[in-house]
Amino acid sequence: MQAQSACENKLLRDAQAKEVLSGDEYKTLQGVAMAFGLNRIPRLYLFEGGGNSYYIAGSFSLDGRGKILISRQFADLIGGGLAFRGVLAHETAHLVVDVHGDTSCDQWVMRDPKIEEAADALAAATVGFGPLKAFLIRVEKMTGTTGGETESRLQALEKLEAQKNGQR
Ligand SMILES: [Zn+2]
């Protein structure tokens, strides 16, 4: 617990992350937290410079809220709305799966494509497919690459959606 806390503090300090406590971004997070049935809203931080969006592994089990970090640049490129809701839902999905603290703060750069797809699926099941698809389509346009991880995540999501629609 102490190591986790120290690691989180260092990470936030190094990124010069600023906590967001109001505004549109915060309101979107409140909505996402409600959809996940969380009593307490995850802590949201913005930081300057490059990078995209992250969750701090193990942070949910530390305080029952968890921490999400998003670069200002990435937030601006995503441009709020549905796509931003998708980003927050994706990161919140990571946090709640991490509830038992199987991972810790120093593992936060680890990105396994299977884990990303699982987070997308849980997020879509919770807030709907629209926000997740809007987010991934936005990222795909931003990076301008095809055949990459984002495209396969989008395809996995569309397959899930088709399955879900088929069940009706
Ligand atoms: Zn992720």
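The values are calculated or read from the model by the stated rules, or taken from the named source; none is laboratory data. Note that the structure is predicted; figures quoted are calculated from it, not measured. Neighbour counts run over all protein chains shown; Cβ positions are idealised from the backbone, glycine included. Surface accessibility is based on the protein's heavy atoms, side chains included, excluding ligands, DNA and RNA. Shrake-Rupley method; radii C 1.70, N 1.55, O 1.52, S 1.80 Å.
So how do 73-86, 54-67, 14-27, 37-50 stack up, highest first, on mean other-Cβ count within 10 Å? Before the final figure, lay out each step's value.
Details: 73-86: 18.1, 54-67: 22.1, 14-27: 12.4, 37-50: 15.5.
Highest mean packing first, the order is 54-67, 73-86, 37-50, 14-27.
When the accessible area of the chain is computed with all protein chains present and a 1.4 Å probe, what percentage of it is carbon and sulfur?
Working: 4550 of 8780 Å².
It is 52 percent, rounded to a whole number.
Working from Cα positions, state the angle (0 to 90°, nearest 10) between the long axis of helix 149-167 and the longest principal axis of the chain.
Between helix and principal axis, roughly 60 degrees.
At 1.4 Å probe size, with every protein chain present, just tell me what the per residue accessible area of segment 14-58 comes to in Å².
54
I'd like the orientation of helix 2-14 relative to the chain: the angle between its Cα long axis and the longest Cα principal axis, in ° from 0 to 90, rounded to 10.
80
By how many nm would the segment from Tyr26 to Thr143 lengthen if fully extended, with 0.36 nm per residue of separation less the alpha-carbon distance? Before the final figure, lay out the partial values.
Working: separation 117, 0.36 × 117 = 42.12 nm, distance 2.58 nm.
Extending this stretch completely gives an extra 39.5 nm.
Assuming 0.36 nm per residue, please report the length gained on full extension of the stretch Asp112 to Val97 beyond their Cα-Cα distance. It would help to have the intermediate numbers written out before the result.
Working: separation 15, 0.36 × 15 = 5.40 nm, distance 1.43 nm.
Full extension from Asp112 to Val97 adds 4.0 nm.
Using a/c under 1.5 as the rounded threshold, could you call segment 21-93 rounded, prolate or oblate? The axes a ≥ b ≥ c are square roots of the C-alpha gyration tensor eigenvalues, and prolate needs a/b larger than b/c, oblate otherwise. Intermediate values should be presented prior to the final figure.
Values: a/c = 1.89, a/b = 1.28, b/c = 1.48.
The shape class here is oblate.
Restricting things to Cα coordinates, could you compute the convex hull volume per residue of the chain in Å³?
On the way: hull volume 18.9 nm³, N = 168.
In the chain, the Cα hull volume divided by residue count equals 112 Å³.
Quick one: dipole size for the chain, taken about the Cα centre, charges +1 on Lys/Arg Cβ and -1 on Asp/Glu Cβ, in debye to the nearest 20.
Charge dipole of the chain: 380 debye, to the nearest 20.
Nearest 10 degrees is fine. How inclined is helix 24-35 to the longest principal axis of the chain, computing both from alpha carbons?
70
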